[in-house]
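Worksheet for the structure shown next.
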Amino acid sequence: MADKDKEQRFVALIKEHERLILKVCAMYSRCNWGEAQDLYQEAVCALWRSFDSFRGESKCSTWIYAVTRYTMINLTRRHQTDIRTASLEEVDANTISDAEDQMLDELREALDQLEPEERDMFVMWMEGFKNEEIAQVMGLKAGTVAVRLTRLKMRLRRMINRETKGGMR
């Protein structure tokens, strides 16, 4: 009976956070849908293997993001593929209105220039994760995350402003 209850809790958790898992997988597959589905399967398996070790000291979404991210990094290392992730626009293209397209294009181009760790940190911040949660996932201190995010946002702003003024095109 306990195993059945555990499975039901796990399935409910995966269903609740399916979009987050898919988004991370899509980023690491560069939005190749077939590959993203394979990565999703790998992530769910990794989450199941570590389900017993989740103590609830952080939010479920933080734990899920961390396990999924580490799984993607390990898979890309194992397969010696380019760890460069897909852009935010590619992942959420179906939810964006035409009016937001140009701004998102500029953000996508700027994000493409970031290191994967920087992109992960920024995407987590965009997803509403708190600095403490990002710190847990990234293995950093919350203060370090706050400083890096501030610098990253300023750098992105400069990159987008240069692009808008024709400096990057």
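Quick notes
- The range 133-148, subset in contact (Cβ under 8 Å) with a residue 24 or more places away in the chain and closer than 18 Å to Ala66 by Cα, residue surrounded by the fewest Cβ atoms within 10 Å (Cβ to Cβ): Gln136
One line per residue, one yes/no per condition, for (1) on the phi > 0 side of the Ramachandran plot; (2) at pLDDT 90 or above; (3) in the same structural domain as Ala142 (by TED's automatic domain parsing):
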| position | (1), (2), (3) |
| --- | --- |
| Arg9 | no, yes, no |
| Ile14 | no, yes, no |
| Met27 | no, no, no |
| Cys31 | yes, no, no |
| Leu47 | no, yes, no |
| Arg55 | no, no, no |
| Val67 | no, yes, no |
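- Residue match in the range 62-76 (condition: of a type in the set (Lys, Arg) and either buried (at least 17 other Cβ atoms within 10 Å of the Cβ) or without any contact (Cβ under 8 Å) to a residue 24 or more places away in the chain (or both)): yes
- Selected residue (only one of Gly143, Gly166, Gly139 is modelled with pLDDT of 90 or more and more than 19 Å from Val24 (Cβ to Cβ)): Gly143
- The range 1-46 - residue that is within 18 Å of the chain's Cα centre (by Cα) and of a type in the set (Asp, Glu) and, of those, farthest from Leu111 (Cα to Cα): Glu16
The values are calculated or read from the model by the stated rules, or taken from the named source; none is laboratory data. What you see is a predicted model, and the numbers here were worked out from it, not measured in a lab. Neighbour counts run over all protein chains shown; Cβ positions are idealised from the backbone, glycine included.
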